[in-house]
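Each remark here refers to the structure printed beneath this line.
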Number of protein chains: 4
Amino acid sequence: MSVMKKLEVGILGATGMVGQRLASLLENHPWFDLRWLGASDRSSGKKYAEACNWRLGDAMPAGARSLLVNDCVPDGKAPQLLFASLDSKVAGEVEGAFARSGHAVVSNSSYYRMERDVPLVIPEVNPGHLALVRAQRRERGWSGMIVTNPNCTTVGLVMSLAPLDRTFGLAKVMMTSMQAVSGAGYPGVPTLDILGNVIPYIGGEEEKVEAETRKLLGSLDADSSHDGHVKSGEFAVSAHCNRVLVEDGHTETVSVALRSKATPGEVLAAWQEFQAPSEVRSLPSAPRRPIVIRGEADRPQPKFDVNTEHGMAAVVGRLRPCPVLDYKYVVLSHNTIRGAAGAALLNAELMKAGGYLD
Amino acid sequence: MSVMKKLEVGILGATGMVGQRLASLLENHPWFDLRWLGASDRSSGKKYAEACNWRLGDAMPAGARSLLVNDCVPDGKAPQLLFASLDSKVAGEVEGAFARSGHAVVSNSSYYRMERDVPLVIPEVNPGHLALVRAQRRERGWSGMIVTNPNCTTVGLVMSLAPLDRTFGLAKVMMTSMQAVSGAGYPGVPTLDILGNVIPYIGGEEEKVEAETRKLLGSLDADSSHDGHVKSGEFAVSAHCNRVLVEDGHTETVSVALRSKATPGEVLAAWQEFQAPSEVRSLPSAPRRPIVIRGEADRPQPKFDVNTEHGMAAVVGRLRPCPVLDYKYVVLSHNTIRGAAGAALLNAELMKAGGYLD
Amino acid sequence: MSVMKKLEVGILGATGMVGQRLASLLENHPWFDLRWLGASDRSSGKKYAEACNWRLGDAMPAGARSLLVNDCVPDGKAPQLLFASLDSKVAGEVEGAFARSGHAVVSNSSYYRMERDVPLVIPEVNPGHLALVRAQRRERGWSGMIVTNPNCTTVGLVMSLAPLDRTFGLAKVMMTSMQAVSGAGYPGVPTLDILGNVIPYIGGEEEKVEAETRKLLGSLDADSSHDGHVKSGEFAVSAHCNRVLVEDGHTETVSVALRSKATPGEVLAAWQEFQAPSEVRSLPSAPRRPIVIRGEADRPQPKFDVNTEHGMAAVVGRLRPCPVLDYKYVVLSHNTIRGAAGAALLNAELMKAGGYLD
Amino acid sequence: MSVMKKLEVGILGATGMVGQRLASLLENHPWFDLRWLGASDRSSGKKYAEACNWRLGDAMPAGARSLLVNDCVPDGKAPQLLFASLDSKVAGEVEGAFARSGHAVVSNSSYYRMERDVPLVIPEVNPGHLALVRAQRRERGWSGMIVTNPNCTTVGLVMSLAPLDRTFGLAKVMMTSMQAVSGAGYPGVPTLDILGNVIPYIGGEEEKVEAETRKLLGSLDADSSHDGHVKSGEFAVSAHCNRVLVEDGHTETVSVALRSKATPGEVLAAWQEFQAPSEVRSLPSAPRRPIVIRGEADRPQPKFDVNTEHGMAAVVGRLRPCPVLDYKYVVLSHNTIRGAAGAALLNAELMKAGGYLD
């Protein structure tokens, strides 16, 4: 694709933590060219370098610095493809308005994720769910579309579960998360709340993880009349969500019950052999290995493993029998890359490769 | 008991973190008088104030400062009652030698906990298990005895489970811990290992929690021939243990399956009404309320709740249905007080009140 | 004073961090009775227990829980004596309005501190500066008054400097602070800004420390025409202010040049012998020892020393010769107690004892 | 130099934090080939991958993994050029033994730094001091040599001072450090010591900074009889050293008095224009800009700036007048790269380029 003209793209919610990650990941992207930024009234009209309190370790991409920040309203100037990392309070209205106006909105917000006609996609896991957009456009009369990625806590869990579900069938999933503060955005978690502390509650998070996991591992039942919908996976999911003093990387302890017997070696093999479909593997942001297994007794750890595969892998370890369900293990993923900005970017690449943006 | 002469006591392993907590808790104790300290060669012969790198926020008790530190060998000078907070590598030998020589050793070490004839006791939960010492002394030919308290991660879990087990019967228990660094002693966890990190592994911890929980909630089957032994509780326990950047307080997420149906109100009532037997309630270190329920959505938290009831309570919260088992909740307890020094002290008080030290 | 009726008091800015500390310190106060709370529109009309996101480790005082929160406008119902811990953006207007309406406002805000006719007072150091209120009331035509305490970073520094200034004379002062996050209020410092980081800048702080230090150690020049004003101390002060990952307690490294020669023993003696005037020593919140000297090589430290004298002392240590000025040392003080709420409370006690509230 | 054969090198103290950084920096080095590792008895005989508890975020270099770890004794098999990052307790003896046996020891230890005939070198600042090795070899009768780099706290300070000293002359320097935990090695600082705390003392550190700064900025007085020695800079230095909860990066507040007047613009220009001599600029590990100026009000910060120029720059900011001396500013440098491993590596490159290893 080296000679193709890059597709112009924009970011709705460009000044937030996920918006910053998106701007960073889009620097030098082979397919996409960041040309438009949208944010709240407070930022609109300023240059990105002035409007944005840049919080990433790497410097703000030079190309983005001088872009003007626009209001988040479809005025005909924004590019067709828009990444959206808006606060969930405004996401419903803003994303809907842009989709109605013909934009393809690749959203990181929770607002539309569980809608019957909105694809919730992890390209390595359920790329076919993208097909839901046909029903979405017809039923809603939208010339554009909305495609979503899961919550940052869901994504690592589901990537580690997908090969187990395919190979052995899932019956039950129990998950406890220890989530990084960057998941709450910026300014996000006050230091006084989390220094030397654990907060055993994140509003709405457990419900999202439980519902999204089942939709992502559900099956697309196509029928002639309505282009199909997703039938949720038939297994139970229980989530306990906690905030801990980590900057990036959600660590999750997981116990699973499987439908068919599996030895530890078979479980490891299922992870080892897990691959995305070939059309996904060739996407620019796809990790070479979606699942990386650490063999050490005390890994994965955020400090050492969060950037595995440029932050796009689910890193698993500590597989062992579970006295209550069948197996237990630990999974780690980067919450603002694999769990947000990178997830949206990979979805957009899948849409482009699949002809959804033509 | 106000006019009785105080019982002289000592500490084996006095310079460690738990030894320091013991020294602190024994200051002005109504029944016990700290008169003897034992530690490793490196400390022996020095005054406690010199030998000990005191790490607690409160100052070293004046009475302890000038005590000489002795070797941990039974030379006839140590008091009958000894608290033991030794490294598990030496605990087996040292505690055994003192018990053989007639000392009552109240141990915080894991070495003897799961021995068939050694009581593993939480006074509010299974005070009757103390009776195992009769078999222990006869079978081992010891003039003294060893009584143990559980691992710091077990104790909060079991206190929260005990009323559920009694009222509804336990079938399955799933627990994920987020453990404080003080649980690893001093110097313990290097800053470079845990700053901005989670360590999803603590050697041997999960096995201890799984086995101890079932022993503590087991039943003492007395019979004429051998003074009984403990039949472990007939439920499955699965533990995931993690280290997080907290100083004091182990936070645990718990899911349970119960043998008989219970409404949320009935579960809360079981916790609310849980009381120690009256002979335990009157012990000097017994918490007024062994279980304290927090009603806020985001509690308990180590920062706010770890010192509830002087660090002797199990603080529970967030009770809600579990899609996989029956209920899920959060429990917090102070790992070096309720989980170690305070646990041993309460056991010693129970032994004293029960006539085991006469 | 045991049988006197307690004086009713209120707090302007009751829901902030310093307001919470004030409410906590006023619980069971022997002279003052907390009966009135004021805060922003958002809180007004609610009970304190609902309006306030209580962040202190100890529980909210029972007496304060059910108090209604009022608007911060003088409507005739607030008590005469008001503690003010308002955001500096509104402090000027609100405090002025209350003082004009006859209230004695004991303020923690920086707004009026450097005004020529406003006392800036540390009772142990310059209680006589209170006399400025006479000029203040006459010149401004206020029936009430405003009395201020210094910035949280100034107070420990000045307490440690006062005996050196009196005994040897100060010529130069160089100070670098490592300040706790609670000094920025709540929500205050975002975790993402300070985790694993140092922020070498706190807006306006250095200027405050440099100016306030000289006013506090200045002399009151009374003359017949205008009731005097304060002549700033004739020494140079340079401050470097930094934020570090500490909850409570500002640690400061200090170098000083003295006007007359002093041996290390003489400097230590000056600190050791420093006492408040006797009328200050008997105030309920006065620390027994305003300056506490730690002899260990590595103290004071926030973790161990911040609560010395209930958080009302300046804790000094590490006195040694300075190759550039004369001596260098470390001083620590509790920024929300000695540096804010406790400072205001002690000022109010001084005002009460001095007849300023009659 | 692209076709030259790489020089074989080794590391004494290869398993420590600085040894790990050295191994990491030597991976793919254009001039040096890591072929030999030495460490304590405990590690010797094992492969590096087994002997070393690797603590860096990047993976252990493949080439180093299978190298065997040797004892730190000169047995004729170690390469001529050895990097030494030994504990100062053994550095004197071990480094001396290797130098005597003909090895060029590039040492990060403090043991020999202040010896009259041992070069203490920052290549950008005082490359000419290397010439001291001639006297060293003759006087000590060594066939090898020892060259040292400064303490991790000294290096950033001196890099920021060097242009000021050259341009305006230094009269007085006051520095307060806020030092990262990695400076204490591994396991190093216990979490219980530093969580939520500041430790205002690091043993021996202040003396090192004060003496090394003056030696580094001193002048080499060559004379015919003894090949010269270094005359320390004639200015006073006072250091206050503190440990804070940062992983990598020492932040320092600095005040300076200059011998000749300078405007702020002139000071900034002195930093901006500062360059290493051309023979240093072309060394593989030399930073493009030895001093990087940040213009923001709140920078440099470890989180954002520590890796500037691959961790080899001194990052300065916040230049402003000092009411006590002339100017004050903040400087940050990476303590295990610029302050240790990178410093030694750059010294070795300077030695190689200068013909000292032929």
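Where a number appears in this text, it was derived from the coordinates with a stated rule and is not lab data. What you see is a predicted model, and the numbers here were worked out from it, not measured in a lab. We place every Cβ from the backbone using ideal geometry, glycine too, and count neighbours over all the protein chains shown.
Restricting the calculation to Cα atoms, the stretch D:19-174 shows an Rg/Rh of 1.01 when the hydrodynamic-style radius is the Kirkwood one. Centroid-to-centroid, using Cα positions, the stretch C:180-223 and the stretch A:1-64 are 36 Å apart.
Relative to the dominant Cα principal axis of chain A, helix A:88-100 is inclined by about 60°. Taking a ≥ b ≥ c as the square roots of the eigenvalues of the Cα gyration tensor, the protein assembly as shown is classed as rounded, since a/c falls below 1.5. Projected label points at C:Glu279 and D:Ala97, each 7 Å from Cα along the beta carbon direction, are separated by 7.4 nanometres. For the rotational copy pair A/D, the chain A residue whose Cβ lies nearest the symmetry axis, together with its distance in Å, is A:Gly196, 3. Beta bridges per DSSP, both residues in the stretch B:152-335: antiparallel share near 70 percent. Note on A:Lys261 and A:Asp41: the model spin-label points, each 7 Å out from Cα along the C-beta direction, lie 6.6 nm apart.
According to the Cα-based calculation, Rg over Rh for the stretch D:152-334 is 0.98, with Rh computed by the Kirkwood formula. Note that the stretch D:314-327 has calculated 3J(HN,Hα) couplings of 9, 9, 10, x, 6, 5, 7, x, 10, x, 9, 9, 9, 9 Hz, one per residue in order, obtained from phi through the Karplus relation 6.51 cos²θ - 1.76 cosθ + 1.60 (θ = phi - 60°); glycine and proline are x. The DSSP beta bridges internal to the protein assembly as shown are antiparallel in roughly 45% of cases. Shape class for the stretch B:1-82: oblate, because the ratio a/c of the largest to smallest gyration tensor axis (alpha-carbon atoms, square roots of eigenvalues) is 1.5 or more and b/c is at least a/b.
For the pair C:Glu296 and C:Ala59, what calculated FRET efficiency results from E = 1/(1 + (r/R0)^6), where r is the Cβ-Cβ distance and R0 = 41 Å, to the nearest 0.05? Plugging the Cβ-Cβ distance into 1/(1 + (r/R0)^6) gives 0.80. Under 5 Å between amide hydrogens, built in the peptide plane, is the criterion, and for D:Ala84 it picks out D:Leu12, D:Val106, D:Ser107, D:Asn108 among residues at least 5 positions away or on other chains.
The number of Lys pairs in the stretch D:152-334 with C-alpha atoms less than 16 Å apart, excluding pairs fewer than 8 positions apart on the same chain, is 5. Restriction of the trypsin sites (Lys or Arg not before Pro) in the stretch C:71-169 to DSSP coil positions whose beta-carbon has at most 12 other beta-carbons within 10 angstrom yields C:Lys77, C:Arg116. In this assembly of identical copies, the label point of B:Glu207 (Cα plus 7 Å along Cα-to-Cβ) is separated from its counterparts by 4.3, 4.8, 6.5 nm, sorted shortest first. As a ratio to 2.2 N^0.38 Å, the alpha-carbon radius of gyration for the stretch C:132-249 is 1.29. Enclosing the Cα atoms of the stretch B:169-233 in their convex hull gives a volume equal to 119 cubic angstrom per residue.
Of the residues B:Pro290, B:Val267, B:Ala236, the one whose Cα sits farthest toward the positive end of the charge dipole of the stretch B:152-335, with +1 on the Cβ of Lys and Arg and -1 on the Cβ of Asp and Glu, is B:Val267. For C:Lys352, the aspartates and glutamates whose Cα falls under 13 Å of its own Cα, not counting residues fewer than eight places away in the same chain, are C:Glu8, C:Glu279.
Name the chymotrypsin sites (Phe, Trp or Tyr not before Pro) in the stretch C:72-134 that are in a loop by DSSP and that have at most 16 other C-beta atoms within 10 Å, would you?
Listed in order of number, the matching sites amount to none.
Listed values for the stretch C:229-236 are Karplus-derived 3J(HN,Hα) couplings in whole Hz (6.51 cos²θ - 1.76 cosθ + 1.60, θ = phi - 60°), namely 8, 9, 8, 4, x, 9, 8, 8, and x replaces Gly and Pro.
This model, with +1 at the C-beta of Lys and Arg and -1 at the C-beta of Asp and Glu, gives the protein assembly as shown a dipole about its Cα centre of some 0 debye.
Adding -39500 (n - 2.57) for every DSSP H run of four residues or longer, then dividing by how many residues the protein assembly as shown holds, sets the calculated 222 nm ellipticity at -8000 deg cm²/dmol. The spread of Cα positions in chain B, taken along each principal axis and listed from longest to shortest, comes to 58, 56, 39 Å. Angle, helix A:152-168 long axis vs. longest principal axis of chain A, Cα atoms, 0 to 90°, nearest 10? Helix A:152-168 and the main axis of chain A meet at about 50 degrees. Angle of helix C:264-273 to the longest C-alpha principal axis of chain C, folded into 0 to 90 degrees and rounded to 10: 20°.
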